[in-house]
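**Student:** Sharing a structure, written as structure tokens. Questions coming.
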Amino acid sequence: MNTVSLSRSVEGSADSVRDAMADLEAFTEAAGFDGVVVDGDTVHITNHVGLLELTLDLVVTTDERETLELEQTDGIFESMTTRYTVTGDTESCEVTAETEFALDVAIVGQVLDATVIKRQRTRELVGQLDWLERQVSGASTKQF
């Protein structure tokens, strides 16, 4: 099993971060995927990595308030789960994004390896955490 994990402190309430993440389509698009379609608790992602077009179907597997978890139901991985955990209070919070994956060697083969996947996934998670910060800081700096 391979793991990519990032944590970031965010100036803003844990509730405001969770509210931003609840917009699952926008939150997923922030990773920079080429296509995202959300249908209820199912997320379909299309992404180009080099010359390959990759598709993943994910399902929201938990509805706990502190954690958003997405698990692959169809795609290139033998298994893949991403968890977004938000801890904190009304002033600031910590967001941890962790993806665990196992490669399906028969599908991935020599074209992609764990290093390429980790590098790509790190960029995607950074994009999502950047987006969360913009959403929360934008919400907290609005003038009424």
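The values are calculated or read from the model by the stated rules, or taken from the named source; none is laboratory data. Bear in mind that the values here come from a model prediction, so they are computed numbers and not experimental data. FYI the Cβ positions are ideal-geometry reconstructions off the backbone, even for glycines, and counts take in every protein chain you see.
**Student:** Does Val59 fit the bill of being at pLDDT 95 or above and either touching a Phe, Trp or Tyr at 6+ places or on another chain (Cβ under 7 Å) or over 30 Å from Ser137 (Cβ atoms) (or both)?
**Tutor:** yes
**Student:** For the stretch 41-88, give me each residue that is loosely packed, with under 15 Cβ neighbours inside 10 Å and among the small types (Gly, Ala, Ser).
**Tutor:** Gly50, Ser79 - these are the residues of the stretch 41-88 that are loosely packed, with under 15 Cβ neighbours inside 10 Å and among the small types (Gly, Ala, Ser).
**Student:** Can you name the residue in the stretch 20-39 that is without any contact (Cβ under 8 Å) to a residue 12 or more places away in the chain and surrounded by 18 or more Cβ atoms within 10 Å (Cβ to Cβ) and is also farthest from Val136 (Cα to Cα) among such residues?
**Tutor:** Val36
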